[in-house]
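Written out below as structure tokens is the structure these notes cover.
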Amino acid sequence: MERETVPEARRGASKATRIALGIFVSGTVVLGTTLFLVSQGLINFHPKQQYCLTSECIEAAAGILSKINQSIDPCENFYRFACDGWIYNHPIPEDMSNYGVYPWLRHNVDLKLKALLEKPISKRRDSEAVQKAKILYASCMNENKIEKADVKPLLSILRHSPFRWPVLESNIGPEGLWSERRFSLLQALATLRGQYSNSVFIRLYVAADDKISNRYILKLDQASLSLASREDYLENTTEAKSYRDAFLQFMVDTAVLLGANTSRAESDMKSVLRLEVKIAEIMIPYENRTSEVMYNKMNISELSAMIPQFDWLGYIKKVIDTRLYPELKDIGPSENVIVRVPQYFKDLFRLLENERKKTLANYLVWRMVYSRLFNLSRRFQYRWLEFSRVIHGTTTLLPQWDKCVDLVENALPYVVGKMFVNTHFQEDKKEMMEELTEGIRWAFIDMLEKENDWMDSETKRKAYEKAKAVMAKVGYPQFIMNDTYINEDIKTLKFTESDYFGNVLQTRKYAAQSDFYWLRKEVPKTEWFTSPTTVNAFYSASTNQIRFPAGELQKPFFWGTEYPRSLSYGAIGVIVGHEFTHGFDSNGRKYDKNGNLDPWWTTDSEEKFKEKTKCMINQYSNYYWKRAGLHV
């Protein structure tokens, strides 16, 4: 379950506070929901009706029995009592590093998408968009052509500016020889972002203005690194060192597979890793990335004065394809941007000024190569698997169909979403989920009014207003049902079954440019833009929405109208309560009922809340996991 505001980090100092708040509020909401619904007459108990013997009830009961271990005393080990059966019947797949109900459900949704994408194209029945989805999938499944093409599609990119790779020297021909004199950091960064949707050093994107949430604006942030976590570069633990060693060898071996000399690759890639460690050192850690601190609105002229080492206007204009968006040709020094990490950018360009151009070029091209390895032949993927064994513990590659479903789903989320919804999501599910969500909303409000004794009246009033204003979005956005709109949206994509790599590059360009469509436009507050096949739930602070895509609304989280309601309240109901509380947690409470960054808790309420959470923080901090040698 996620919130669509500040991204979660894998590690963070505020973990205990987040756990305390989530359990304290969402647990209370869900526990109180049933009592509230009974008191309002929305759920009735019939003393004489003690058993449900329908086929659906028997199915559900059998499912529950298969998950538990009745030989374990729940008072001695509740985890084993509740989970042993499921764990025994669902060993971790070899292509995964962990497993649970969410990955299991994700796999089941993918199997349904596989069946839909493998149906023969029907010119009469399938829209243009659906035909494109099936062609993209078929090109990905054509493993013979992918193996035959081998590395050729990538080498054609590496032979042209700005992606000539210094480590390869002239080994792929004189046209691939890198020139320091011709190297342009701006050109390389802009091409990575604008053509390949790769954010390196800088993350440029369009999102709602936090303080004027009905308007879209450009935002600039630090970009991600090659490894999953900043700490993987900085910690001196045995584990972190093994990650860095494996990563370095992976870079070296990949360069050699592409034609580099081994000793040259070792030398150059060590410099690349050293650079990425330096970048990790200056990145703003998760615990310091608060909404208020990251709201730094200025125009491009002011940004250029603050960080003059980089042509910010030139970069933005090169990234945005004004052939697609001619109305953005007039972007100039007065264009407003939100700079989320000013200190990072100051440190970044001081660092880059003192770095060798060859190292910068090697790093930038590595990031492009790394992002495309899965579109090459198996020998590159098997080398990645050796690296993944160290990082993730996986021992086999994903099946090709699984990888291809993932590609199409990410590239064409609304096309695939409509295909899924039409086949696997009934409207009565939507109505039932909306009813359930409303019940939990009013249970929350009821508890807020009657049981909350630490909020002052002003804060409680605003909490009530925000709770009433939360919009629940269920199943799918309505616009995906409009074939004309979707066909128009992806009209630039021209896939062919024989050119998998070329198809992928088209999807990357489409992804790179799509969010610029919204720049300077109003935020459609009643709309939502989450893929229907997502197996997750979200809270969006800027729109004050809770979102439950169709992919999430499957058993065992959500049960249809023919099953006892208690099953859905006990499963998806917990998730609804959890997402609802994001609007009132340590980040959500900074946004008002309209989605504007405007902290609305009084100082008195904030202090009392901190006092209330201290005991829970202390309790969780004292839990010690002996096997890991860590406190929770």
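A few points about this structure:
- Taking 0.36 nm per residue of sequence separation and removing the Cα-Cα distance, the N214/I307 pair yields an extension gain of 30.6 nm.
- Filtered trypsin sites (Lys or Arg not before Pro), the stretch 168-231: DSSP coil and at most 11 other beta carbons within 10 Å: R181, R182
- Using a Förster distance of 45 Å, the FRET efficiency for T262-Y325 (Cβ separation, nearest 0.05): 0.50
- Taking θ as phi - 60° and the Karplus parameters 6.51, -1.76 and 1.60, the scalar couplings of the stretch 434-445 work out to 4, 5, 4, 4, 4, x, 6, 4, 6, 5, 4, 5 Hz in sequence order, x denoting glycine and proline.
- Filter on K241/K278; K114/K148; K521/K590; K460/K612; K418/K509 - keep pairs with C-alpha separation over 18 Å: K114/K148; K521/K590; K418/K509
- Environment charge of K211, counting only residues whose C-beta is closer than 12 Å and scoring Lys/Arg +1, Asp/Glu -1: -2
- Near-label residues of the stretch 86-118 by backbone N, under 20 Å of a point 7 Å along Cα→Cβ of K403: 93-98, 107-108, 110-115, 117-118
- For L313, L218, order by how many other beta-carbon atoms lie within 10 Å, fewest first: L313, L218
- Gain upon complete extension [N144, K346; 0.36 nm per residue less C-alpha separation]: 67.9 nm
- Net length gained if the chain between Y102 and E562 were fully extended (0.36 nm per residue, minus Cα distance): 163.3 nm
- The stretch 69-124: GluC sites (Glu not before Pro) in DSSP loop, at most 13 other beta carbons within 10 Å: E76, E94
- Residues H578, H160 arranged by fewest to most Cβ contacts within 10 Å: H160, H578
- Amide H to amide H, with H built 1.01 Å from N, A207 comes under 5 Å of I217, K219, counting only residues 5 or more places away or on other chains.
- Chymotrypsin sites (Phe, Trp or Tyr not before Pro) restricted to the stretch 407-490 and DSSP loop, no more than 14 other C-beta within 10 Å: W454
- Residues V504, V293 arranged by fewest to most Cβ contacts within 10 Å: V293, V504
- By DSSP, the beta bridges lying fully in the chain are antiparallel in about 65 percent of cases.
- Calculated mean residue ellipticity at 222 nm for the chain: -16500 deg cm²/dmol, from DSSP H runs with n ≥ 4 weighted as -39500 (n - 2.57), summed, divided by the residue count and rounded to 500.
Read-outs: derived from the displayed coordinates by stated rules, not from any lab. Every value quoted in this text rests on a predicted model; they were computed, and no experiment measured them. Cβ coordinates were reconstructed from backbone atoms using ideal geometry, including for glycine residues, and neighbour counts include every protein chain displayed.
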